[in-house]
Structure formats: C-alpha cells, structure tokens
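Taken together, the values in this text are just the output of simple stated rules run on the coordinates, not laboratory data. Bear in mind the structure is a predicted one, so any value in this text is a computation, not a measurement. Please note: Cβ atoms are built from the backbone with ideal geometry, for glycine as well, and neighbour counts cover all protein chains shown.
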Amino acid sequence: SLTAGIVGLPNVGKSTLFNAITKAGAEMANYPFATIDPNVGMVEVPDDRLDRIQELIPADKVVPTTFEFTDIAGIVKGASKGEGLGNKFLENIRQVDAIVHVVRAFDDDNITHVSGKVDPIDDIETINLELGMADLEAVDKRLSKVQRAAKGNDKDAKAELAVLEKIKPVLEAGGAVRTIEFDEEEQKIVKGLFLLTSKPVLYVANIAEDDMADPEASEYFQQIKEYAAKENAEAIAVAAEAEEEIAELDDADKADFLAAEGVEEPGLNRLIRASYKLLGLQTFFTAGGKETKAWTFKAGTKAPQAAGIIHSDFERGFIRAEVMSFTDLDELETPSAVKEAGKLRSEGKEYVMQDGDIVEFRFNV
Ligand code: GDP
C-alpha cells in the first residue's frame, strides 16, 4: 500500500506530529497491525460522506478507510554525502510514495533550531538541496551507463538519455524533478529512476498554537505557501503540539478544545486528507449491507480491480458494477430515487472508478 513519508530538519516537530498521528490511529478498532512497525502510523481518513450515506442507507456499522504515514527520522545538511546516517535516510525516503515535508513555523526560544534561527525557506531549501544532490548523483551514474548504450541502436537507451539530459540541468540549478513537465512516455522513464525530488510533496507548516485559529496571519506560513506555490505544491498549517494533545482527548473534550481554539476540526484531519490526495488516492463506498464502508483505490483504477480490493473473488468473477455517485444520493436521498432518475449506472470492466462512487459489484462465484 502507498505511504507518505514525514520528512524535515531535526527539531521541527516531526515526532510530535507523528505521535499525533499514531495516537489518533491507536483509537482505531480494526487495525491489528498498529504496533508492528514503530515507524508506520495508520490513520483513518475522515470523510463526512460516510456519515451521510449511513444516514440515508443505515447499516450496523460505519467503517472508514485507512492509510499509512511513515516517520523518516532526522535528515541533516550533508545527508547526501552520507553524514548523520544520511544515506539511510535518503534510502528511507526513496521507499515512500509521497513526501510530507514538515517545516518549523513557530517561535520558541526554548526549542533549539539546528541553524540557530527560524527561517522556513532556508530550512526547506536545506532539505531540498540534499534531495536534489542525491538525485544529481543518481542521474550522473545513470547517464554514464546510458550514454554508452545510446551510441548504438538501443532505442530505450536513447529515450532515457533524452530524459536524463532534460533532468540534469534542472537539478544543477537546484530545482526539483517534480517541477519538470514530461509526456507520458517520459513519465514512465522518470518513474523507473526513483528520484527523490520526483515524488509529490506537501509542505506542512508547524505553526504556534496561538496561530491555530488564523494560520493565514502567520508570516512563516505565508512564506511557506509562496514557496510551495512556485513548485505547484500545496502547503497546510498545523500546530503539531496542540494536535498531539487533541488526539488524546475523547470526543466531548475534543469538541471543547477545538471550540476554545476557534477551529472546526483537528488540523490532523486536513493533513490526512491532503496527504491522501497527494498519494493519488480516492475513495469508493459500499453500503446497504451490514456495513457502510469506505475503500481506498488509486486514481485511474478500473471496476474489476476495485472489486478486487474488497475480495479477489470479486475481481476474478467480475460481471459488472452498479454505481451511483455520492452527489446523486446526497441530493435524491434514496437509492430508489436515484434509480428512478436514471442515475443508477451499470458499468462494465473498462469503467474507471470515480471518487465518491457508491458501488455494488456483481460477480460469478
Ligand atoms: P523532530 O526532531 O522534528 O521530530 O521534532 P520534535 O517533534 O521532537 O519537536 C522538537 C521540540 O519542539 C519538542 O520539544 C517539541 O515539544 C517542540 N514542538 C513541536 N511542535 C511544537 C509547536 O507547535 N510549538 C512549540 N512551541 N513547540 C513545539
């Protein structure tokens, strides 16, 4: 399954945020693997649509979908040269599918900053430079191999060479591979290179608790947002320390805490949703049986493979999928009204699943 890796300089609040994630996840009833890997935190994906479906098509229970965060400890300046266990960290980043880049955006004289002052852009660039240098090294290595092969009639080598030559100058200028536009063929090649700066990134400003009610007022957050926008990346603000406290509270206390802070929902929920989206994950629902349940699929998944997420038999014996969109159910309020309106669709094996589909699979056993 896909995972988002939490990355950042030391002392910016990564562990605090990861603790908030695992504490929120620890409350999950159905996750028996929670303690297997201490670096992996499982979270439920908060989704209001589940409650609405449950209201309209009641079942015995509601089951949210889940996904994983991976905690990647302390990257430092010099990591790409192997300092501070650098290579291991870079290897760990290579294993994740998206990067959640935590940046310190709070002042606190009691918390040491590795470079002596709070400067979000400088921090971001320190990390991105390490990742970029590691990529440049990988690209150079690859180049020397491919250049030789491309001299002959090797078409694949020629195609890869062109891609590497497109990437190299961007890295040399301190840019990230994710900012380069590639066509479909090129994208396949890039994927095979497993470059760190080609992974999608979400910038998370760890703001002060005082800024929770109005993150936009934080100058640090504004700087981070601006930087992210230039990379076509998203930035969100959370107050990690407060989130860790919130994650430990029961529902009633949680509501009080949030009301006192002047916010509608935990920042963790926004982080989870943004990371889910970053990974290219979407949700379909099953309803009408014992459970109202959310399921995760990768954008672009076709109906039989989606059925296979529930059970391999469903994929093997797939006949068709009866599909209505959440939006239609929400508006028309009953499955029969959706059907009467001609909005209950029978989809075949080429159907590409859409976020918010409510599905019943038909299959042979
Ligand atoms: P890591 O090295 O990035 O994992 O950072 P930690 O999560 O260990 O946090 C470093 C220190 O900063 C700890 O003492 C935290 O309690 C503190 N810290 C984390 N988040 C916040 C925050 O939002 N505000 C303040 N004031 N301190 C924080």
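Laid out as a table, the results:
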item: Helical segments meeting 24 Å axial Cα length and Kyte-Doolittle -1.0 threshold in the chain (DSSP H); result: 120-151, 155-172
item: Cα-centre dipole for the stretch 127-197 with unit charges at Cβ (Lys and Arg positive, Asp and Glu negative), debye to 20; result: 300
item: Range in the chain, longest, excluding exposed GluC sites (Glu not before Pro) [loop by DSSP; at most 10 other beta-carbon atoms within 10 Å]; result: 1-180
item: Where Rh is the Kirkwood radius over Cα pairs, Rg/Rh for the chain; result: 1.01
item: Simple Cβ-charge dipole of the stretch 307-365, Lys/Arg +1 and Asp/Glu -1, about Cα centre, in debye nearest 20; result: 340
item: Prolate/oblate/rounded label for the stretch 187-318 (Cα gyration tensor, a/c 1.5); result: oblate
item: Ordering of 267-274, 298-305 by burial proxy (mean other Cβ atoms within 10 Å per residue, highest first); result: 267-274, 298-305
item: Spin-label pair residue 341/residue 109, simplified geometry with 7 Å Cα→Cβ offset, distance in nm; result: 6.1
item: Chymotrypsin sites (Phe, Trp or Tyr not before Pro), loop per DSSP, at most 13 other Cβ atoms within 10 Å - longest free stretch of the chain; result: 195-365
item: Theoretical FRET efficiency, 1/(1+(r/R0)^6), r = Cβ-Cβ of residue 184 and residue 316, R0 35 Å, to 0.05; result: 0.75
item: 22 Å Cα-Cα threshold exceeded, pairs from 199/225; 88/141; 14/225; result: none
item: Sites matching trypsin sites (Lys or Arg not before Pro) across the stretch 115-213 that sit in DSSP coil, with at most 11 neighbouring C-beta atoms within 10 Å; result: 117
item: Length released on extending from residue 52 to residue 11, taking residue separation times 0.36 nm less the Cα-Cα span; result: 10.7 nm
item: Under 18 Å from the Cα of residue 302 - aspartates and glutamates, other chains or at least 8 residues apart; result: 313, 315, 322, 347, 350, 355, 357, 360
item: Placed amide H near residue 6: partners under 5 Å, 5+ positions off or other chain; result: 70, 71, 72, 100
item: Dipole moment magnitude, nearest 20 debye, the chain about Cα centre, only Lys, Arg, Asp, Glu C-beta charged; result: 2460
item: Distance in nm between pseudo-label sites at residue 245 and residue 149 (7 Å out along the Cβ direction from Cα); result: 5.6
item: Full-stretch length increase - residue 259, residue 119 - with 0.36 nm per residue and alpha-carbon distance subtracted; result: 47.3 nm
